[in-house]
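Report on one structure; see the data block that follows.
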Amino acid sequence: MTALTILLVLVLLLVVFGLLFRLQILTSIFSGSYVREIGMSNRVNAVLMLVFMVVGGAAFFWSFSENFNKMNPPIASIHGHVMERMFWITMSVIGAAFVLTQVLLFVYSYKYQHKENRRAYFFAHNNTIEVVWTIIPAIVMASLIFAGWKAWTRITGPAPKDAVVVEVMGKQFNWLVRYPGRDMKLGVVNYRLIDASNDFGFDLSDKAALDDFTSTEIHVPKGHPVLIKIRSRDVLHAVYMPHFRVQMYAVPGMPTRFWFTPTMTTDEMRAHLGNPNFKYELACNQICGKSHYAMKATVVVDEPDDYQAWYAKQSPNSANADMMASYKQTSEKAGLGKGGTKGAQEAAISETGETQAMPLSAQASM
């Protein structure tokens, strides 16, 4: 306690001495007796500002060009080209503004360094300048926002009626994937039915859920629209598929969606990159916990015929005896099991945006 008291007293003394020193300087300035020696340090700092601008700018552009391909993987979706073009237009506009302002900042710091007998010019106001640097940025920003809004509403709006529907649910720390069965309609789910054998919480009293099935991989057909329905079971995650330029948050209690059309199969991308081990990836790019780094899923883009063959081999929920038994036990214990009622189905449609899709047999020609 004594040591702490002594430390506090010393700190207070330093503060008092500092204030007295500052007061002495201010008194000298007001009396006109204060003389400030600039010396060489001011010029050295001014030159260092230019050096920092040149060296720092060169290092930035070198780093950018060196890592450009890592930051921009090949595009494998139709809308990806639109997103990429919009991104680089935005980057060009704000990049040009950034470079201009930084060059002026460093050059002016050098040019208008302190010199004896030179005083800064006081520039009070100029209406023309105010209008110019308000109107031009406003027009540019409004144009960029409008273009982004158009692209965003297109890829998050209603998908084509024949779109392949896939639902992904994020949970710490993996992705759960389910597909509708041959009725092409996702069944009702209920979080109160989630247990060790029913990860999604399928309400199997809803007949539409009986032929749904889950998968450890996401399979989608090339050249056909794919609607990704997104949920989270616990915390905020993000569906991020860089090659398709897809990113959408998975929010607890708020289903989201995103649709896209893949343009290159996994095999075609492997040939394009010269990498036989390449895999499309669904990753979570939100820090969702200590094992966030491992939250990944493999996305396989098949030729349409290969996708049909894979789809036909999948086993529906009704074939999972453990899930059926667990559902019966859990639903009886919780007093549930009415998911097949009209009210529950309407609630599920309202929540997920589920609509009747084209039957699988009608998609055989896609």
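The values are calculated or read from the model by the stated rules, or taken from the named source; none is laboratory data. In this text the structure is predicted, and so the values were computed from the model without any measurement. Here the Cβ is made from the backbone with ideal geometry for all residues, glycine too, and neighbour counts use every protein chain on show. Note: accessible area is taken over every heavy atom of the protein model, side chains too, but ligands, DNA and RNA are not part of it. Shrake-Rupley method; radii C 1.70, N 1.55, O 1.52, S 1.80 Å.
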*Only Lys, Arg, Asp and Glu count, each charged at its Cβ (+1, +1, -1, -1), so figure out the dipole size of the chain about its Cα centre, rounded to 20 debye.*
1300 debye
*Please identify every one of the trypsin sites (Lys or Arg not before Pro) in the stretch 93-157 that sits in a loop by DSSP and has no more than 16 other beta carbons within 10 Å of its own beta carbon.*
LYS115, ARG118, ARG119
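Using the Cα centre of the stretch 58-143 as the reference point, and only Cβ charges (+1 on K/R, -1 on D/E), how large is the resulting charge dipole? Debye, rounded to the nearest 20. Walk me through the intermediate numbers first.
Working: 6 positive and 4 negative charges, 60 e Å.
Computed charge dipole of the stretch 58-143: roughly 280 debye.
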*Suppose R0 equals 56 Å; then what is the FRET efficiency for HIS114 and ASP306 from their Cβ-Cβ distance, rounded to the nearest 0.05?*
0.15
*Order these peptides, 321-329, 170-178, 140-148, by their mean beta-carbon neighbour count within 10 angstrom, highest first.*
170-178, 321-329, 140-148
*So what is the calculated 222 nm ellipticity per residue for the chain, using -39500 (n - 2.57) for each DSSP H run with n of 4 or more, over all residues, to the nearest 500 deg cm²/dmol?*
-15500 deg cm²/dmol
*Lys/Arg Cβ at +1, Asp/Glu Cβ at -1, dipole of the chain taken about the Cα centre: which of VAL165, PHE260, TRP310 is farthest positive-ward?*
PHE260
*Within the chain, which DSSP H helices have Cα atoms that stretch 27 Å or more along the helix axis and a mean Kyte-Doolittle hydropathy of at least 1.6?*
2-31
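Rolling a 1.4 Å sphere over the protein heavy atoms, what is the accessible area per residue of the stretch 146-259, to the nearest Å²?
Details: 4460 Å² over 114 residues.
Accessible area per residue, the stretch 146-259: 39 Å².
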*Toward the positive end of the charge dipole of the chain, about the Cα centre and with charges on Cβ (Lys, Arg +1; Asp, Glu -1), which of ALA196, ALA294, HIS114 goes farthest?*
HIS114
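Of the accessible area of the stretch 60-122, with the probe set at 1.4 angstrom, what percent is carbon plus sulfur?
Details: 3470 of 5040 Å².
Answer for the stretch 60-122 is 69 percent, counting heavy atoms of protein chains only.
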*Starting from the Cα of ALA147, step 7 Å along the direction of its Cβ; do the same at THR5; then give the gap between the two resulting points in nm.*
7.0 nm
*Percent RCO, i.e. relative contact order, over the chain, from Cα pairs under 8 Å lying at least 6 residues apart*: 18 percent
*Alpha carbon centre of the stretch 284-320 versus the stretch 166-244: separation in Å?*
9 Å
*Sulfur and carbon atoms: percent of accessible area, the stretch 198-285 [1.4 Å]*: 53 percent
_Theoretical FRET efficiency, 1/(1+(r/R0)^6), r = Cβ-Cβ of VAL99 and VAL251, R0 35 Å, to 0.05_ = 0.40
*Give the label of the value calculated from the structure for Rg and Dmax of the Cα atoms in Å, choosing from (i) 31.2, 95; (ii) 24.1, 93; (iii) 28.2, 99.*
(i)
*Principal axis box of the stretch 29-139, alpha-carbon based, largest edge first, Å*: 73, 38, 19
